[in-house]
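Please treat every number below as a calculation from the coordinates, not as lab data. Predicted model only: the values in this text are computed from it and were never measured. When we count neighbours, we look across all protein chains shown, and the Cβ atoms used for this are built from the backbone with ideal geometry, even at glycine.
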């Protein structure tokens with residue numbers, strides 16, 4: 001996925017609607033969390049087994065995909081606002097995790 | 001960013017440590033939310049202006065990047081578990097948003 | 001507020017509807033978090049000043065009150081399920097905070 | 001529990017430490033959510049059964065009690081800031097729920 005392309009498209013979307021003033025890092029973090037809760041709401045009363053069975057329910061799956069997309073869109077916009085390279089951050093974190101949880105440690 | 005490559009690397013990381021049983025969609029959603037809260041914690045007492053100034057604080061910025069990476073890693077793993085194409089979901093959502101918020105509507 | 005009376009009323013409400021099986025501590029914690037997010041959603045795009053002005057908006061205030069009530073109801077039910085005395089826990093925490101943040105420390 | 005007494009004690013605690021400026025409704029809502037996530041973190045990798053077994057683990061139970069207390073403290077402080085009567089809100093919500101979910105409806 002081309003993060004820059006999505007970020008630019010989002011930024012244009014926001015500017016065209018005059019929503020720039022709301023996009024503070026603080027507000028974006030709050031919005032990201034609210035979207036995470038909307039994702040969680042889908043799963044809150046499910047057993048572990050039922051949470052797997054979501055794979056076979058196209059309607060629920062589409063809902064999960066929409067919330068997942070919202071989360072990534074806010075995350076990308078937050079990173080844009082703060083000049084964070086998300087791809088680099090993910091690579092760094094995976095390397096850090098490998099050091100934090102060495103094989104045979106758990 | 002190559003989502004599949006990251007997802008495969010994550011999956012190998014988890015299998016090498018014997019953590020598969022914990023990775024139910026329900027648990028991953030909960031973990032994603034906890035990481036979102038760790039991101040929010042960084043911003044909770046900041047004014048809007050201070051939330052912008054995070055851009056000039058390398059230590060805080062690195063912390064934000066780590067939490068952002070954790071969120072994306074859990075999101076990608078969740079999508080892998082449920083066979084959701086996150087890139088497609090983002091494209092679909094952006095198109096849906098354009099319909100939901102037509103220009104001149106707000 | 002009489003916590004036990006509310007907890008008993010809730011328990012009766014749940015049993016009358018046959019919802020007992022869903023009320024695991026894990027699920028209740030998830031539901032509490034989702035309600036917290038619904039509260040947060042009301043405030044996410046507000047400036048600090050606007051968040052104060054909610055005091056003068058009866059409709060928004062009623063909405064905040066409903067979400068606050070949902071949070072307390074889930075919290076009380078969770079404490080009931082785990083045999084936690086919430087009033088005692090609050091007293092203990094306030095004492096602990098007084099030790100953690102001694103006067104003149106910040 | 002005497003909500004007013006706890007709210008007054010909290011307010012004094014905050015004023016003695018000069019923390020008033022941070023206590024906007026928006027920030028308190030964010031803090032409440034972060035505490036909810038700290039509670040959720042305790043349960044995120046547990047099976048439903050293990051989440052019940054927390055009842056028999058004094059150390060974990062104490063941790064749960066502390067996070068539950070933090071949530072209620074922030075909730076009470078938020079209600080104080082917005083002049084919301086939390087006890088009244090809970091009573092109203094329980095009546096509303098009885099109407100929303102009539103017996104025999106689910």
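Any idea which residue in region B:28-56 is nearest to residue D:19 (Cα to Cα), counting only those that are more than 7 Å from every other protein chain (Cβ to nearest Cβ) and touching a residue at least 12 places away in the same chain (Cβ under 8 Å)? Among those that are more than 7 Å from every other protein chain (Cβ to nearest Cβ) and touching a residue at least 12 places away in the same chain (Cβ under 8 Å), it is B:42.
Within region C:57-106, the set of residues being facing another protein chain (nearest Cβ under 7 Å) and in a loop (DSSP other than H, G, I, E, B) comprises C:82, C:83, C:84, C:101, C:103, C:106.
For region D:4-22: of the residues being buried (at least 17 other Cβ atoms within 10 Å of the Cβ) and under 16 Å from the mean Cα position of the chain (by Cα), which is nearest to residue D:79 (Cα to Cα)? The qualifying residue nearest to residue D:79 (Cα to Cα) is D:7. When region C:39-87 is filtered for residues that are surrounded by fewer than 16 Cβ atoms within 10 Å (Cβ to Cβ), within 16 Å of the chain's Cα centre (by Cα) and within 22 Å of residue D:43 (Cβ to Cβ), only C:85 remains. Restricting attention to region B:5-27, the residues that are in contact with a helix residue (DSSP H, G or I) (Cβ under 9 Å, 6 or more places away or on another chain), part of a helix (DSSP H, G or I), more than 9 Å from every other protein chain (Cβ to nearest Cβ) and within 24 Å of residue B:87 (Cβ to Cβ) total 4.
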